[in-house]
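So the structure is just underneath, and the comments pick up after that.
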Amino acid sequence: MTLRLIPYFVMNGNAKEAIQFYEKTLDAQVLFSQSFGEMPENPDFPLPAEAKDRISHATIKVGETELMFSDTFPGQPHQSGNQVTICISTNDKDQAHKFFEALQQDGQVTMPLQETFFSPAYGSVIDKFGINFQIFTEGRQ
């Protein structure tokens, strides 16, 4: 089993700019970047034009550390203080469920742990201390 805790920065439409800034200032290397417009289309939820260029997910590497980024979807609330989350990344779906169940005790589920196009088990939760966690299981469907 692998397990990593990764800082995840949620930006308000300026993730691309932040990534470019860290490339220059910290010699960061972009490992992955995808805009909302590059994601598979969902006919039930058409993508607004202002969302297409926003980053849905990106990973950069600074030295030995990975940082993840995304932009909020247009209209989603964004407030200073909640833009940094901890992404718990594992390759073990059972472990992902265990972490999610434990963290949601006396906390708040913001996205149920579920299969997505990019992960066999992904969800997000705010623990009882107000810390935002994303649970990401490596691997595709």
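Pairs only if they're at least six apart or on different chains, beta carbon under 8 angstrom, first in region 88-109 and within 11 Å of Phe133 (Cα to Cα), second among the aliphatic types (A, V, I, L, M) and in a helix (DSSP H, G or I); list them, first residue then second.
Filtered contacts from region 88-109: Ile88/Ala96.
State yes or no: is Thr59 β-branched (Val, Ile, Thr) and touching a Gly at 6+ places or on another chain (Cβ under 8 Å)? Give the derivation first.
Working: β-branched (Val, Ile, Thr): yes; touching a Gly at 6+ places or on another chain (Cβ under 8 Å): no.
So Thr59 fails the test.
Can you give me the number of residues within region 103-133 that are aromatic (Phe, Trp, Tyr), open to solvent by 50 Å² or more (accessible area, probe 1.4 Å) and within 17 Å of Ser89 (Cα to Cα)?
Of all residues in region 103-133, those aromatic (Phe, Trp, Tyr) come to 117-118, 122, 129, 133.
The next check asks that each one be open to solvent by 50 Å² or more (accessible area, probe 1.4 Å); those that pass are 117-118, 129.
Checking the rest, the ones that are also within 17 Å of Ser89 (Cα to Cα) come to 117-118.
Final tally of qualifying residues: 2.
Give the number of residues within region 1-29 that are surrounded by 14 or more Cβ atoms within 10 Å (Cβ to Cβ) and among the charged types (D, E, K, R).
Going through region 1-29 one residue at a time, the tally reaches 2.
The values are calculated or read from the model by the stated rules, or taken from the named source; none is laboratory data. Only a predicted model underlies this, so the values are computations on that prediction, with no experimental measurement involved. FYI the Cβ positions are ideal-geometry reconstructions off the backbone, even for glycines, and counts take in every protein chain you see. The accessibility values were calculated without ligands, DNA or RNA, using every heavy atom of the protein model including side chains. Shrake-Rupley method; radii C 1.70, N 1.55, O 1.52, S 1.80 Å.
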